[in-house]
Amino acid sequence: MRILYLADIRFPLERANGIQTMATCAALAHRGHHVVLLVRPDTARPVRDPWTFYGVDRDARLTIEQPAWLGVRAPQPLKRLMYLRAARRRREAPRLDIIFTRDLGVAAALLRRTHDRDAPLVYESHGYAPEVSAALPRLLADGAAPDARKIQRLEARERLVWHRADGYVTITAALAHDLTARFGPRRWSATIPDGTRASHGRIEIGPVTGDRPPVVAYAGHLYPWKGVETLIEALKELPAVRGLVIGGHPGEVDLARLRGLAQAGGLEGRVEFTGLVPPPDVGAHLQRADVLVLPNPAHTISARYTSPLKLFEYMAAGRPIVASDLPAIREIIQDGRNGLLVEPGNPGALARGVRRVLGDRALAERLATCAFNEVRLYTWESRAQRLEQLFESVLTDRRRPGGPRSHEPEDALYVVRADLRGQRRLSRSAAPEPPRRADEVSGRGAPRRCPSRDDRTAAPLGRNPLRHASPVSAAGAG
């Protein structure tokens with residue numbers, strides 16, 4: 001296939017958006033597809049090479065286009081119009097098979113005016129934009145509340161893209177359920193979580209001794225909605241435990257805010273803040289930890305719309321995971337099987353979860369081994385295979401006589417159930433189903449019984465397009 005990926009972002013981008021975009025395109029190219037990634041030029045000086053920045057092997061099948069004129073200084077609305085102009089030009093390229101984007105505004109702009117000769121457009125949703133926009137001011141240290149007109153514009157875009165996109169991807173089953181309940185059923189949709197690069201071997205958890213106090217770590221952005229404050233408060237109840245916070249952009253207020261919180265709580269000497277770390281280097285920091293935590297508080301974004309890159313990186317790191325008990329997290333983590341789930345936003349509950357894992361070596365080893373052996377279901381390669389299945393279904397539907405260009409609600413919902421083991425089946429249901437775990441929604445699902453603790457390696461997946469074997473994150477992404 002010839003795939004055009006549209007991302008109106010400067011590139012490379014330190015955030016999860018940039019990492020997920022590059023990893024998805026690289027994995028699709030590794031599967032033999034020809035991918036063009038249209039992005040803005042880098043604003044850093046000196047300019048950074050995306051392949052080096054993300055630790056990805058160069059692949060001639062992936063072309064990163066960064067037209068210089070997209071990097072000129074201009075007001076944001078004008079820059080947006082310039083990118084849309086470039087996207088429309090690129091859409092007219094001959095023999096293009098699929099247009100893929102996670103940018104709602106770009107998708108809506110392209111879908112307002114379509115022709116039969118245009119390649120099918122597949123949109124990937126990471127949340128219901130009006131709710132995300134309304135919630136972010138409460139969840140970011142410097143967020144501004146949107147006005148009513150912006151919310152209305154976002155609602156209109158969501159409805160348009162849901163009904164007109166040729167294919168639709170959601171990163172959680174809960175998000176798919178919410179969108180279907182809001183807009184009605186549609187054909188050719190798939191729930192495909194985010195991923196990580198494959199690990200080909202696991203470093204076993206070392207014993208905690210008096211010479212080395214246990215370490216509990218978090219990797220990712222430090223926005224208030226990520227819940228790092230909960231970890232810092234929990235450390236007050238764990239006097240023998242050290243904290244490791246991997247990430248934090250120096251240009252944002254959150255790193256200084258959390259350092260101040262740790263200092264005010266008397267934890268300055270027990271919590272290490274790495275600051276921004278290059279993506280290929282994050283895996284080495286994760287290996288320093290005895291426990292990895294995902295302390296998201298309970299709100300709509302975390303509860304229903306998140307598929308955190310860090311969660312899959314934690315699984316690949318081979319360390320026990322203690323995470324917030326939220327619907328989106330439960331799609332991947334089952335309490336007591338491949339991680340521990342605790343009450344969101346409760347420092348005491350998080351401290352008890354960490355203490356339980358540190359106090360039971362057999363439990364820690366069992367949870368870590370199970371998560372590590374399941375991460376092969378969530379590699380970028382596996383994700384690309386599931387996207388490929390959806391793309392093929394969309395193309396087959398387009399090529400048949402009278403194939404539809406619009407996906408207005410019908411009596412039945414056609415969904416590609418992209419099996420985590422690589423199979424595909426077509427299912428039909430008359431009404432939206434309640435959210436289930438990603439492995440259930442995706443087909444046959446993950447194994448109910450984890451391999452034994454003696455199984456230290458995941459099944460081989462072939463050469464991975466991402467160079468480094470260790471799990472990585474944005475230096476605070478995900």
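The values are calculated or read from the model by the stated rules, or taken from the named source; none is laboratory data. These numbers were taken from a predicted model, which means no experiment stands behind them. With ideal geometry, Cβ positions are generated from the backbone for all residues, glycine too; neighbour counts draw on all protein chains shown.
Brief remarks on what is shown
- Taking the listed residues ARG182, ARG242, the one that is modelled with pLDDT of 95 or more, touching a helix residue (DSSP H, G or I) at 6+ places or on another chain (Cβ under 9 Å) and assigned by TED's automatic domain parsing to the domain that holds SER307 is ARG242, with no other qualifying.
- When residues in the range 245-254 are screened for being surrounded by fewer than 21 Cβ atoms within 10 Å (Cβ to Cβ) and aliphatic (A, V, I, L, M), 1 of them pass.
- Residue count for the range 46-67 under the criterion of being of a type in the set (Gly, Ala, Ser) and part of a strand (DSSP E or B): the result is 0.
- Some residue of the range 255-262 being under 21 Å from the mean Cα position of the chain (by Cα) and either assigned by TED's automatic domain parsing to the domain that holds ALA349 or of a type in the set (Val, Ile, Thr) (or both): no
- Scanning the range 268-293 for residues that are closer than 20 Å to ARG355 by Cβ, in contact (Cβ under 8 Å) with a residue 60 or more places away in the chain and not in a loop (DSSP other than H, G, I, E, B) yields VAL291, LEU292, VAL293.
Condition check ((1) of a type in the set (Asp, Glu); (2) buried (at least 19 other Cβ atoms within 10 Å of the Cβ); (3) more than 29 Å from GLU365 (Cα to Cα)) across all residues:
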| residue | (1), (2), (3) |
| --- | --- |
| LEU258 | no, yes, yes |
| ALA264 | no, no, yes |
| PHE273 | no, no, no |
| VAL277 | no, yes, no |
| GLY283 | no, yes, no |
| ARG288 | no, no, no |
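- The number of residues in the range 208-226 that are modelled with pLDDT under 95 and either under 29 Å from ALA303 (Cα atoms) or touching a Lys or Arg at 6+ places or on another chain (Cβ under 9 Å) (or both) comes to 9.
- Among the residues listed as ARG355, ARG361, ARG399, ARG376, the single one being surrounded by fewer than 23 Cβ atoms within 10 Å (Cβ to Cβ), touching a residue at least 12 places away in the same chain (Cβ under 8 Å), over 22 Å from the mean Cα position of the chain (by Cα) and over 26 Å from LYS226 (Cβ atoms): ARG361
- Selection within the range 312-328: residues that are in a helix (DSSP H, G or I) and in contact with a strand residue (DSSP E or B) (Cβ under 6 Å, 6 or more places away or on another chain). The member of this set that is nearest to ARG383 (Cα to Cα) is PHE312.
- Flag for GLU237 being more than 22 Å from the chain's Cα centre (by Cα) and modelled with pLDDT of 95 or more: yes
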